[in-house]
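**Student:** First the structure, which I've put down as structure tokens, then a few questions once you've had a look.
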Amino acid sequence: NAGVTQTPKFRVLKTGQSMTLLCAQDMNHEYMYWYRQDPGMGLRLIHYSVGEGTTAKGEVPDGYNVSRLKKQNFLLGLESAAPSQTSVYFCASRRGQLYEQYFGPGTRLTVT
Amino acid sequence: AQSVTQPDIHITVSEGASLELRCNYSYGATPYLFWYVQSPGQGLQLLLKYFSGDTLVQGIKGFEAEFKRSQSSFNLRKPSVHWSDAAEYFCAVGINTDKLIFGTGTRLQVFP
């Protein structure tokens, strides 16, 4: 099993450009999450999903949109990138409420 | 509001020394508790977890953690640190079971 994979691994955007980050998991997990990690701030939850077709806002949702059209995929979109969105983005998945989260390797995004 | 505190931002130990990383939480009921490790440039890997039962839990790589309800703590310990343990460590708490709340992390540096 590949576990949780993220595409791309690195990306540089100019301010105002858009992009989509793809997260895929092959563990048949119900729950999926998008976090951003910034120095000294730990992990902050952007959006999450508790099942196919559902999404919910996390701690820092502004400027991001998500979709979960297929159970195995969770997409994070930036419609108009800003320098404040420069960060490392992690996706995670979880079988259910009583289980731990499994993390992907991360995507390093730089917005200039 | 529920919160997780890791009071030590940075800890330095000598190889072979013992280690204790602190984690305190603020939550009304007994939460689900996790410790994750993040090596440079990597995603987060689960070290151990506590849901119920024995308050001393064993994890991978020789780590253990003890849940102390009276102190609202879940400290991570290792009797003898190896150079490969240098990484960032995150404590996390399950709240309402849909989401995890992460501490801001403790960076461990190991001197030979």
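**Student:** Return the residues of region B:74-84 that are outside any helix (DSSP H, G or I) and either among the aliphatic types (A, V, I, L, M) or surrounded by fewer than 17 Cβ atoms within 10 Å (Cβ to Cβ) (or both); say none if nothing qualifies. First the steps, then the outcome.
**Tutor:** Taking region B:74-84 first, the residues outside any helix (DSSP H, G or I) are B:74-82.
Across region B:74-84, the qualifying residues are B:Leu76, B:Arg77, B:Pro79, B:Ser80, B:Val81, B:His82.
**Student:** Can you tell me which residue is nearest to B:Asp98 (Cα to Cα) among those in region A:48-83 that are without any contact (Cβ under 8 Å) to a residue 24 or more places away in the chain and not in a loop (DSSP other than H, G, I, E, B)? Don't jump to the end; show me each part of the working.
**Tutor:** We begin by selecting, within region A:48-83, every residue without any contact (Cβ under 8 Å) to a residue 24 or more places away in the chain; these are A:48, A:50-57, A:59, A:61-63, A:65, A:67, A:69-70.
Going one step further and asking which of them are not in a loop (DSSP other than H, G, I, E, B), we end up with A:48, A:56-57, A:65, A:67.
Details: A:Tyr48: 9, A:Ala56: 10, A:Lys57: 12, A:Asn65: 19, A:Ser67: 18 Å.
The selected residue is A:Tyr48.
**Student:** In addition: If the requirement is being aliphatic (A, V, I, L, M), in contact (Cβ under 8 Å) with a residue 12 or more places away in the chain and under 20 Å from A:Phe103 (Cα atoms), which of these qualifies: B:Leu108, B:Leu76, B:Leu19, B:Leu33? Even if it seems obvious, please write down each step before you answer.
**Tutor:** Values: B:Leu108 fails: under 20 Å from A:Phe103 (Cα atoms); B:Leu76 fails: under 20 Å from A:Phe103 (Cα atoms); B:Leu19 fails: under 20 Å from A:Phe103 (Cα atoms).
Exactly one residue qualifies, and that residue is B:Leu33.
**Student:** For region A:10-24, give me the residue count where each residue is within 17 Å of A:Gly63 (Cβ to Cβ) and hydrophobic (A, V, I, L, M, F, W, C).
**Tutor:** In the first step, residues of region A:10-24 are kept if they are within 17 Å of A:Gly63 (Cβ to Cβ); the result is A:11, A:13-21.
Those still in the list that are hydrophobic (A, V, I, L, M, F, W, C) too: A:13, A:19, A:21.
Residues flagged as within 17 Å of A:Gly63 (Cβ to Cβ) and hydrophobic (A, V, I, L, M, F, W, C) within region A:10-24 amount to 3.
**Student:** Turning to a different aspect of this structure: Can you give me the number of residues within region A:6-31 that are within 11 Å of the chain's Cα centre (by Cα) and farther than 19 Å from B:Gln42 by Cα?
**Tutor:** Of all residues in region A:6-31, those within 11 Å of the chain's Cα centre (by Cα) come to A:6-7, A:20-24.
With farther than 19 Å from B:Gln42 by Cα added as a condition, the list becomes A:20.
Number of matching residues: 1.
**Student:** Follow-up question, since we're still on this one. Select from region A:84-112 the residues that are within 14 Å of chain B (Cβ to nearest Cβ) and in a loop (DSSP other than H, G, I, E, B) and list them in ascending order.
**Tutor:** Once the filter is applied, which keeps residues that are within 14 Å of chain B (Cβ to nearest Cβ) and in a loop (DSSP other than H, G, I, E, B), region A:84-112 yields A:Arg95, A:Gly96, A:Gln97, A:Leu98, A:Tyr99, A:Glu100, A:Gln101, A:Gly104, A:Pro105, A:Gly106.
**Student:** Is region A:63-81 home to any residue that is under 18 Å from A:Gln6 (Cβ atoms), surrounded by 14 or more Cβ atoms within 10 Å (Cβ to Cβ) and in contact with a Cys (Cβ under 6 Å, 6 or more places away or on another chain)?
**Tutor:** Within region A:63-81, one or more residues are under 18 Å from A:Gln6 (Cβ atoms), surrounded by 14 or more Cβ atoms within 10 Å (Cβ to Cβ) and in contact with a Cys (Cβ under 6 Å, 6 or more places away or on another chain).
**Student:** Just name the residue that is surrounded by the most Cβ atoms within 10 Å (Cβ to Cβ) out of those in region A:29-45 that are in contact (Cβ under 8 Å) with a residue 60 or more places away in the chain and closer than 12 Å to A:Asn73 by Cα. Break it down into steps so the answer makes sense when it comes.
**Tutor:** Of region A:29-45, the ones in contact (Cβ under 8 Å) with a residue 60 or more places away in the chain are A:29-33, A:37.
Narrowing the set further to residues that are closer than 12 Å to A:Asn73 by Cα leaves A:29-33.
Working: A:His29: 20, A:Glu30: 16, A:Tyr31: 22, A:Met32: 29, A:Tyr33: 27.
Applying the filter and picking the extreme gives A:Met32.
**Student:** Taking A:Thr15, is it among the polar types (S, T, N, Q) and either closer than 19 Å to A:Gln101 by Cα or surrounded by 14 or more Cβ atoms within 10 Å (Cβ to Cβ) (or both)? Before the answer, list the steps.
**Tutor:** Values: among the polar types (S, T, N, Q): yes; either closer than 19 Å to A:Gln101 by Cα or surrounded by 14 or more Cβ atoms within 10 Å (Cβ to Cβ) (or both): no.
Here the answer is no, as A:Thr15 does not meet what is asked.
**Student:** Within region B:10-19, does at least one residue satisfy the condition of being polar (S, T, N, Q), touching a Cys at 6+ places or on another chain (Cβ under 6 Å) and either within 13 Å of chain A (Cβ to nearest Cβ) or in a strand (DSSP E or B) (or both)? Quick ask: steps written out before the conclusion?
**Tutor:** Looking only at region B:10-19, we keep the residues that are polar (S, T, N, Q), and these are B:12, B:14, B:18.
Remaining after also requiring touching a Cys at 6+ places or on another chain (Cβ under 6 Å): none.
Within region B:10-19, none of the residues are polar (S, T, N, Q), touching a Cys at 6+ places or on another chain (Cβ under 6 Å) and either within 13 Å of chain A (Cβ to nearest Cβ) or in a strand (DSSP E or B) (or both).
**Student:** Another one. Among the residues of region B:28-37, is there at least one that is among the β-branched types (Val, Ile, Thr) and modelled with pLDDT under 95?
**Tutor:** Taking region B:28-37 as the starting set, the residues that turn out to be among the β-branched types (Val, Ile, Thr) are B:30, B:37.
Filter again for modelled with pLDDT under 95, leaving B:30.
Taking every residue of region B:28-37 in turn, at least one turns out to be among the β-branched types (Val, Ile, Thr) and modelled with pLDDT under 95.
**Student:** Let me ask another. Can you find a residue that is outside any strand (DSSP E or B), more than 12 Å from the chain's Cα centre (by Cα) and among the aliphatic types (A, V, I, L, M) anywhere in region B:85-94? Give the derivation first.
**Tutor:** In the first step, residues of region B:85-94 are kept if they are outside any strand (DSSP E or B); the result is B:85-86.
Remaining after also requiring more than 12 Å from the chain's Cα centre (by Cα): B:85-86.
With among the aliphatic types (A, V, I, L, M) added as a condition, the list becomes B:86.
Yes, that holds for at least one residue.
**Student:** For B:Asp54, are the conditions met, namely being on the phi < 0 side of the Ramachandran plot, touching a Ser or Thr at 6+ places or on another chain (Cβ under 6 Å), surrounded by fewer than 17 Cβ atoms within 10 Å (Cβ to Cβ) and in a loop (DSSP other than H, G, I, E, B)?
**Tutor:** Details: on the phi < 0 side of the Ramachandran plot: yes; touching a Ser or Thr at 6+ places or on another chain (Cβ under 6 Å): no; surrounded by fewer than 17 Cβ atoms within 10 Å (Cβ to Cβ): yes; in a loop (DSSP other than H, G, I, E, B): yes.
No.
**Student:** A further question follows. Give region B:28-46 a look and list any residue that's more than 7 Å from chain A (Cβ to nearest Cβ), surrounded by 19 or more Cβ atoms within 10 Å (Cβ to Cβ), more than 13 Å from B:Leu108 (Cβ to Cβ) and aliphatic (A, V, I, L, M), or say none.
**Tutor:** Listed by number, the list holds a single entry, B:Leu33.
**Student:** In addition: Condition first: away from chain A (no Cβ under 11 Å), among the hydroxyl-bearing types (Ser, Thr, Tyr) and farther than 15 Å from B:Val13 by Cβ. Now tell me which residues in region B:67-112 satisfy that.
**Tutor:** The answer is B:Ser70, B:Ser72, B:Ser73.
The values are calculated or read from the model by the stated rules, or taken from the named source; none is laboratory data. Everything quoted here is computed from the prediction, not taken from an experiment. Neighbour counts run over all protein chains shown; Cβ positions are idealised from the backbone, glycine included.
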